[in-house]
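Undergrad: Got a structure here, written out as structure tokens. Questions coming.
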Amino acid sequence: MKLECHEANHICDKSQYKEATFWEKVRLNIHLIYCRACQKYTARNTKLTKAVKNPKVNTVSKEEKADLQELLNKQLSGK
Amino acid sequence: MADNQIDATQWVARYSDYLFNYTIARVNDRDLAKDLISETFLAGLKSMENFKGDATERTWLVSILKRKIIDHYRKINSNKGKAEVRINYDDSESEGDWLEERVADKFDRTAEDQIENEELGTAIYDCLDGLNEKQRTIFRMKTMENFDTEAICNAFDITPSNLWVIIHRARKAMADCLENNWL
């Protein structure tokens, strides 16, 4: 039942991608009650996820990238 | 001394997201930003000989992009006066109401929030650039492009536990970097 810190961090990483199982999350939360270091890690990890998910962060879609690449390739081969 | 080499074939993959966020924060229009970036890449190709290698490729591209953005604003500015905007009161009831009263007051967002959010994209891609090649691609695929763990493992021929170690290191580096550069 007892969780080592590196395992806790691993579960925390997984839960950032919604890949942790229910039991893993329960165990992580119990661990977080008494472990300061992992609390800090989890807080930062969640913050990072939120930052990346922020709608103000724009990604260029695959198609747009392909278009750009094609344009560039044309110019490159024209040289 | 040419410390930095140009590899134009990698431009789109490596810099388009960074440049895109940089542009969006300044022009606030997706399509326009895309146009500006493709113009930048083309201009970059044309003046490749002038690249001395003192700065990194990205810095060099950003300096071209900046010029493109300035040019864009110049162009808009010269169109000024051609279009006139008239705002009339809809009915006599509201006559005497000032225009200022009609503008939505975004009191829930401070100017600081706004700036933080606009710059966040650039900060993230800046930090992403600091990771090593493998961490960068895998973190991107997993976090931004939402690939399955399995798909990434197959593509890179690694085990899931390898993947999670890479993700863990990448996340740690990203969190450190963002904490220093952004928050």
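Undergrad: Run the count for chain A, please: Lys pairs, Cα-Cα under 17 angstrom, 8 or more apart or on different chains.
TA: Within chain A, the lysine pair count is 13.
Undergrad: For the residues B:Thr9, A:Thr49, A:Thr42, what sequence is obtained by ranking on other C-beta atoms within 10 Å, fewest first?
TA: Ordered from fewest to most neighbouring Cβ atoms within 10 Å, B:Thr9, A:Thr49, A:Thr42 come out as B:Thr9, A:Thr49, A:Thr42.
Undergrad: To continue, here is another question. For chain A, with only Lys/Arg (+1) and Asp/Glu (-1) charged at the beta-carbon, what is the dipole magnitude about the Cα centre, in debye rounded to 20?
TA: 360
Undergrad: How large is ³J(HN,Hα) for each residue in the range B:166-181, as worked out from phi by the Karplus curve 6.51 cos²θ - 1.76 cosθ + 1.60 (θ = phi - 60°), to whole Hz, x for Gly and Pro?
TA: 4, 4, 4, 5, 4, 5, 4, 5, 4, 4, 4, 5, 5, 5, 6, 9
Undergrad: Then there is this: How about the range B:30-80: which trypsin sites (Lys or Arg not before Pro) there lie in a loop by DSSP and see at most 14 other Cβ atoms within 10 Å?
TA: B:Lys52
Undergrad: Quick check on the exposure proxy: order B:Val12, A:Val52, A:Val26 from fewest to most C-beta atoms within 10 angstrom.
TA: A:Val26, A:Val52, B:Val12
Undergrad: How many Cβ atoms of partner chains, on average, are near each residue of B:123-135 if near means within 10 Å of its Cβ?
TA: Going residue by residue through B:123-135 and averaging, the value is 1.
Undergrad: Return A:Tyr41, A:Tyr34 ranked ascending by Cβ neighbour count within 10 Å, so the fewest neighbours appear first.
TA: By the 10 Å Cβ count, ascending, the order reads A:Tyr34, A:Tyr41.
Undergrad: Sticking with this structure for a sec: State, as an integer percentage, the relative contact order of chain A based on alpha-carbon contacts under 8 Å between residues 6 or more apart.
TA: Values: 30 pairs, mean separation 21.9, N = 79.
RCO, chain A: 28 percent.
Undergrad: A follow-up question, please. Taking each residue of B:26-35 in turn, how many C-beta atoms of other protein chains fall within 10 Å of its C-beta, and what is the average? It would help to have the intermediate numbers written out before the result.
TA: Details: counts 0, 0, 0, 0, 3, 0, 0, 2, 4, 0.
Mean partner shielding for this stretch: 1.
Quick note: the coordinates plus some simple rules give every number you see, no bench work behind them. For clarity, every value in this text was computed on a predicted model and none was experimentally measured. Ideal geometry is used to build each Cβ from the backbone, glycine not excepted, and the neighbour counts take in all protein chains shown.
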